[in-house]
Structure formats: C-alpha cells, structure tokens
Amino acid sequence: MFRILYIEDEKEIGQWVTRDLTERGYEVTWLESGEELEKYIVAADIVVLDVMLPGLDGFSIGKRIKKENKELPILMLSARTAVEDKIEGLNFADDYLTKPFHPDELVARLEVLLRRYQKNDDVLELQHLKIHTKEMRVINRQTNDEIQLTGKQFYLLQFFIRHLNQILTKEQLYEGVWGESYIEGDKTLMVHIRYLREKIEINPAKPMIIETIRGIGYRVKL
Amino acid sequence: MKFLRPFFFLRSLLAKYMLIILIAMSITQVAYFVIALFALEITKTGQDESLNEVNQESNVEERWHDEAKHIQNFTDETITQHFESWKQRYPKAAMFWISEDGTLRSKVNVQEQLPSTWTPSFTTKFIKERYGGNPFTVIAFVGEDETNGFIVLEIPRDVFNPPLRNIYEQYGSLVFLGVIVIVLFFICISFLFFRGIRKRLLKLQDAMEIRDVDGLPIEIHVKKKDEIGQLEQTFNHMVVELRESKHRERKEEQLRRQLIANLSHDLRTPLTKIRAQAYSISKENLSEEGKQAIQAMETSIVNIDGLIENLMSYTLLMASTYIFEPKEINVVRFAREQMTTWYPVFEKEGFDIDIELQAFDDNMWLIDPLWLGRVFDNIFQNVLRHANSGKYLGVKTESTAHYDAFIIKDYGKGMKNESNAKGAGIGLSIVDLMVKGMELEWDITSSESGTIIKIKKQKDLSK
C-alpha cells in the first residue's frame, strides 16, 4: 500500500480526492497547509501538492522536499495552468496536473511516478511475461523460464517499463538508453528492438508487447 | 544644472573654438602690429637717412663738385687719392678722370667699358644717357676752371634706396614663408580640433549602438563636460528612463499575467469542485438519465476548462504579453513527440490515425516550442471535438520548392457544419496569432468531406 501525502487547502476538493484515493487502496494523509509537513514526510511514498496554499506556497514546499529527499516523487496538482507556472513546477516536481482533473488521470500519473521511482516492487504481468520491476527479472509465465537479456536489451526494456503506456519516439528511446543524441537514419535501435522482440515476444513477426506505432515510435502497454 | 552654466561655458567646445578663432585673429593682429612697429622703427631710424635721401644725392653731387673744385696739383696720384678717399665712403662707387684732351686718365672701380679717348659726341651721349639714370652719375670739372678735364662719380642708385625696401628685398621670401607657416598652423589646429570632435562623435555613435543582453542600450562613460559630454549625459539619462520604462512595462505585464492566472485559477477551483460533486454522484446508483446528465456535465466541464484556457491565452496574446521564447528546434522530431501524447486520445476515440512525418531539407525551425505545441494542441482539440464523425486523423509532412509544411487532415463535416463548434473560433484565433507570431503561415481548406490545415514555413530561396 502506498502512502500519499496530499497537501490541499480547498476542503471540498481535499475531501473528495482523499476519499477517492482511499477507496482505491492508497493510504492518504491530507494536510491543509505545509506547516506540519516534517512530521508526515518521512512516511510518504509520494507527495501530491497544490500550488496556492496559505503560508508557504506549493512551489517553495516542493523545492524544500526535493532538497531534503530527491527520491521522493512530487506531483503538483494546481488550478494554475499558465505555462510559466507549469515550467516553474516542473523545475523540481516530477509531474504537473491541472485542475479540473479526472481522478482516473490522477491515479494513472501517480502510478507512473511510483513506478519510475521504483517504489513499486510490484510484479508486472505483461501478456505472457511476468516482470519483477525492481531487479528487472523477466519470466515467461507459460514456461516459467527466466528470459536472459543482454545489457542493451535489459536497459531498453527497463526504459519501456518506466514509461509504461507512453509512446516513445526513436529519438527518445535512443537517447534514453544509449545516452547519445540520435542521428537520423541510425539503425542501431531497430536492430536492438528486433533482438528484444525475438526474446520476449511469442511471435516476433506480430509483436504484442512492444507495439509499433506507425509514424511515431513504440509503446509497451499494460 | 543652471548654476553650473558659467563654469560649463569654460569647458565647452564653443569656448575652445572661440579661443582658437581669437588666437588666430590676435596673432594676425599682433603680427600686423609687430610688423608695423618694426617697419615704423626701421623707417624711423632710416628716416634720418632717407629724409636725406634727396639731400644725400644732391649732397653727394654738391660735395663732389665742391671737392673737385678744390683739388690742387692735377696729377694722377692726387686724383687717385681723391678717388680712394671717396671709395672708402661709398664702396660701391666707381670713379674716373677724363683729362682736358679727352683721355681717360685714372679710374677706380670702373666695371664698364670706357673708351680711352672721349670725343665731344661721346661725352654728350654719356651725359645724356646718365641723366636721371642708373647709376647715379655726377660729373664735375677739376679745379677752378674747366681746363683740367672732369671727374665722374658713379654710384648705383640702390645705395640711396630706403632701408625698408632693402629689407623687403632681402627678407621678403622669409616673411612670405612665415605667413604660410602661420596659415598652415591654424589649418592644422582647426583640423585637429574638428577631428577630435568627429572622433568623439563617432565613438559616441558606436557606444550608442551597443546593446545589453536585454536589448537596451548601455550607459556611456562621460569623460569631458563639454557639449558632447552633455549629449552623452542626456543619452545616459535616456537609457535610465528607457530601463525604468521597460522595467515598469515588465512589471505591468507580470501583473497582468498574474491577474489572468489568478482569475483562471479562481474559475478552475469551483469547476474542480463541480467535477468532484459530479464524480461523487456518478458513484451512486443512477438511472440512465442521471448517467447521461453526469456525462453531459463532464463534457461541459472539459469544454469550460478549454475555454478558460483559450480565453486566457487569447487575452495574453492580444496584449502581446504571452511569453515568446523562440529557439531553433528540430520540428519533425517535435511534431512526433507531440503526437505521442495525442495518439492515445484519438486511439481511444477509435480514430484511424495516419502519421507520416518525413524529414525536411532543413528540420531546424526558429520557433517557440510551447507555442507550436499549443498550435498543434488547438488543432487536434478541434479535430477531436468537431471532426469526430470522420474518425480519421492524418498528420503528414509536405515539401515543395517554396515551403515545408505540416498537414493535418480530418474527414469531419467541415467548419461550416459545426453548429455546436462555437469554441473552435477562439482556438483557431490563437492558432492564427501564434503561427503569425512565429513567422510561419497557415491555411485551412474545409469542405463537407473534411478539413485540411497546413502549417507552412517558406523556404529561404536565397540559400
């Protein structure tokens, strides 16, 4: 169970989000300002932060949290939609969601962040695969064999898992995994994706796990 | 400033210039004065002599006659002796003695060719030639009577010249040279003076053209307190004012942005509350009608959200306070990344999505990514809302000889049939403002079978 520290001064919205997230199985601590933050911060897995707060504003609180603990993901939840605000927020926060939001979207984003920070030692079940996300062990559920991946294949799959459900362009993948800027026409990525598919797909000619999104890139969808 | 004026005047260029002119004038005056004094002095000293000038000539004549009369013993020796004594007094003088019978007897200092025997006709010719001529010639009979012949004295006329004329003849070219030197000297001084001014003006011009990082001119270091210095000071003053006004403008802009941001925040908070309530209601056991009502509420909330966003952007764009930070980015890559967020949305709606983004000759466009992102967002938003019936979205690139373009295509019912598409107007107005703001072009072709939007960048044909 994940512990969410939620800071929101609007009572109605605070109650609603707290109730909804609790119903979905999260443990939510809701504060109306950042005053008693220190008490609860140690126990939190993720922070959901409003911007307009009495006293210290959300930006300052968020920066302070990040300064003390870099590994604590922060999602800004604000009715301030101006680009400047988003930019300022994303300077330190991991995500910025604007109000009015749909609770499903909030949860989806929280899950992405939790996965990215590997707070989540869930076992992912991707079609016929079982993936232990923390140590990145990939097991074929049909045969119960562990699939051995080479270095680059491992990082490639890890990158997909961290950006689950997101479409990734060739450039993003190459730069994320190889750490170098992508040169137009480079075939390295395609070759590695083919190898990876040969290992993890049931039928590499009809990939089900690593989807090709024509004209854009690839996606691993849960 | 005013009480400084008298001091200021002394430092002014005008004062300097006037000083130069005054010196020039006074030097000519002084020169005149000195020359005049000099001339006066010389004429004064020379006057005694030159006053005697006529006298001198007549004196010489008289004395010559007188002394000739008193010569005793008319031998060659005595005459030569007499001549020698005159030669000491007038070194340039030439003298000779013609005896009674017309023979040239003794001569001193004679340069010209003289006949040894003087006929009466030659004598007459000689006297005629010399009368009033040069050299000054005096002919005197020797002794009391006319039986001992005559002695002739020749003195060049310039011996009797006034002294000033001699000086002029001697130093004339020197004086002329002096005048030229003085004139040249003043031309030089004037040249240096104006060159100095010109140099400083050019430097000032250069300094005025230097821009700070914020695009404002930089203050100039004022060295001298003359007119140019004053100009520099005024310029600095202007820079300060400009900076202040820019600062004020920025502050106003910021206030305005702040106000609009706050307003949008204040509008969104109740909207979030409505959504919260709607969501809570949707969790209840609802009738089909109730579910539909909640669905309609949801749609309205999303629409209002979009409208608030658009209204805010439009207001800022119209007031030119929407932050614009263009940079060179790879637009094809950018468009592809934009599509990664929109793809799932269209996918969910069951659209047939056709994406074909080919590299342009030059993928680097100077644009603000946030703006271009917004342009794409607004267009896709419109496709989603108003062309949903076509269930098709095409995003392609097009390169012609004249332009590179992104093409966004749908098979909706076209713009004219958008009965409930009133919100599309402001969204497309924002697209228009932003596209033009980034110096791109766009056109829209809409028919009942679909809409095609092209965002074009004209190729620089000069390259």
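Can you confirm whether B:GLU154 is closer than 30 Å to B:TRP86 by Cα and touching a Pro at 6+ places or on another chain (Cβ under 7 Å)? Yes; evaluated as a whole, the condition is true for this residue. Here A:ILE61 does not qualify as of a type outside the set (Asp, Glu) and under 30 Å from B:ILE281 (Cα atoms). Scan the range B:237-293 for residues that are part of a helix (DSSP H, G or I), under 30 Å from A:ASP104 (Cβ atoms) and either hydroxyl-bearing (Ser, Thr, Tyr) or more than 13 Å from chain A (Cβ to nearest Cβ) (or both) and the total you get is 12. Could you check how many residues of the range A:150-207 are within 14 Å of chain B (Cβ to nearest Cβ), polar (S, T, N, Q) and not in a helix (DSSP H, G or I)? Residues in the range A:150-207 being within 14 Å of chain B (Cβ to nearest Cβ), polar (S, T, N, Q) and not in a helix (DSSP H, G or I): 4 in total. The residues of the range A:44-66 that are surrounded by fewer than 19 Cβ atoms within 10 Å (Cβ to Cβ) and under 20 Å from the mean Cα position of the chain (by Cα), listed by number, are A:LYS63, A:LYS66.
Of all residues being part of a helix (DSSP H, G or I) and over 15 Å from A:GLY217 (Cβ atoms) in the range B:328-348, which is farthest from the chain's Cα centre (by Cα)? Just the residue, please. Filtering first and then ranking leaves B:LYS348. When the residues of the range B:380-413 are filtered to those that are of a type in the set (A, V, I, L, M) and within 14 Å of chain A (Cβ to nearest Cβ), which remaining residue is nearest to the chain's Cα centre (by Cα)? Per the criteria, the residue is B:ILE407. Residues in the range B:314-346 that are at the interface with chain A (Cβ under 9 Å from one of its Cβ atoms) and under 14 Å from B:ASP377 (Cα atoms): 7 in all.
Per the conditions (1) modelled with pLDDT under 90; (2) touching a Ser or Thr at 6+ places or on another chain (Cβ under 6 Å), the sole criterion not satisfied by B:ILE452 is (1). Go through the residues of the range A:64-80 one by one and say whether even a single one is part of a helix (DSSP H, G or I) and within 11 Å of chain B (Cβ to nearest Cβ). So far as the range A:64-80 goes, no, none of its residues is part of a helix (DSSP H, G or I) and within 11 Å of chain B (Cβ to nearest Cβ). One residue stands out in the range B:202-223 among those that are in contact with a helix residue (DSSP H, G or I) (Cβ under 7 Å, 6 or more places away or on another chain) and assigned to a helix (DSSP H, G or I): the one that is farthest from B:ILE27 (Cα to Cα), namely B:MET208.
Just to be sure, is A:LYS99 under 18 Å from the mean Cα position of the chain (by Cα) and either within 14 Å of chain B (Cβ to nearest Cβ) or modelled with pLDDT of 90 or more (or both)? Considered against the rule, which asks whether it is under 18 Å from the mean Cα position of the chain (by Cα) and either within 14 Å of chain B (Cβ to nearest Cβ) or modelled with pLDDT of 90 or more (or both), A:LYS99 comes out as no. Considering only residues in the range A:47-56 that are away from every other protein chain (no Cβ under 12 Å) and free of Cβ contacts under 8 Å to residues at least 40 places away in the same chain, the one that is nearest to A:GLU105 (Cα to Cα) turns out to be A:LEU56. Scanning the range B:149-160 for residues that are outside any helix (DSSP H, G or I) and either buried (at least 16 other Cβ atoms within 10 Å of the Cβ) or modelled with pLDDT of 85 or more (or both) turns up B:GLY149, B:PHE150, B:ILE151, B:VAL152, B:LEU153, B:GLU154, B:ILE155. Could you please let me know if B:ILE353 is at the interface with chain A (Cβ under 9 Å from one of its Cβ atoms), assigned to a strand (DSSP E or B) and buried (at least 18 other Cβ atoms within 10 Å of the Cβ)? Yes.
The values are calculated or read from the model by the stated rules, or taken from the named source; none is laboratory data. On a predicted model such as this, the values are computed, not experimentally measured, just so you know. Note: ideal-geometry Cβ built from the backbone for every residue, glycine included; neighbour counts use all protein chains shown.
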